[in-house]
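J.: My questions will all concern the structure given below.
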Amino acid sequence: MEAVNPKEGALVELGRLTEIVYERARRRYTLRWLLRSRKREERAPVLAYHACDDKKCPANGKLVVVSNPRATRASAPKSLRVSYRETHWGRGGRGKMISGSVWSGRPPLVLEGEVVSVTYTTLKGTDRKSTDYEHAFGEGASKGTRVVRPTLAKGGEHLVLLGGTYVVTYRGIVG
Ligand SMILES: [Zn+2]
């Protein structure tokens, strides 16, 4: 699997979302998903990022959570395959599009808290099996830059990551 939901713009899968840790009023909360669950609603969402043709697009390199992901037979466009390969250290996906759903502006968002870390599972480079990649926000930010962690919000069943100074690069999530 590779690219996601062409209607939502150019989204590329980073991996399956398995954990989000966030903070609200100095308390920590953890959301966890199972990679293989019999219950459909527990199926892990896809953690994707926006990979836009427009290099100046402000959403470039920003994370998007795709709920209820399903494989399709449609092939991903070349630019998205290239992006997938970059962020998976030379490793290609199956080159197929995924369908799923993202928050579409409704219902209104409810803010949950500041995201401390996200963990996604995927195969990069020479990984022999699915590997957890955890990112703590603020990690890898260049010295002297102000770090703003993204805010987790819920829009009905959908999760949204708002803002933040991080960006997705070939190194993974940076900042
Ligand atoms: Zn864009």
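J.: Just to verify a result, which residue in segment 73-89, among those that are surrounded by fewer than 15 Cβ atoms within 10 Å (Cβ to Cβ) and hydroxyl-bearing (Ser, Thr, Tyr), is farthest from the chain's Cα centre (by Cα)?
T.: Top of the filtered list is Ser75.
J.: Which is crowded, with 19+ Cβ neighbours inside 10 Å, more than 17 Å from Ala153 (Cα to Cα) and modelled with pLDDT of 95 or more, of Tyr49, Tyr120?
T.: It is Tyr120.
J.: Out of segment 90-110, which residues are farther than 17 Å from Arg16 by Cβ and surrounded by 13 or more Cβ atoms within 10 Å (Cβ to Cβ)?
T.: Gly95, Trp103, Leu109
J.: Every residue in segment 144-160 that is basic (Lys, Arg), out of contact with any Phe, Trp or Tyr (no Cβ under 8 Å at 6 or more places or on another chain) and not in a strand (DSSP E or B), please.
T.: Arg146
J.: Collect the residues in segment 10-36 that are assigned to a loop (DSSP other than H, G, I, E, B), touching a helix residue (DSSP H, G or I) at 6+ places or on another chain (Cβ under 9 Å) and touching a residue at least 24 places away in the same chain (Cβ under 8 Å), keeping them in residue-number order.
T.: Scanning segment 10-36 gives a single hit, Ala10.
J.: Sticking with this one: Residues to consider are Glu19, Glu41; find the one that is more than 16 Å from the ligand (Cβ to nearest atom) and modelled with pLDDT of 85 or more.
T.: Answer to the check: Glu19.
The values are calculated or read from the model by the stated rules, or taken from the named source; none is laboratory data. Just so it is clear, the model here is predicted, and its values are computed rather than measured. Neighbour counts are summed over all protein chains in view; Cβ atoms, including those assigned to glycine, are modelled from backbone coordinates with ideal geometry.
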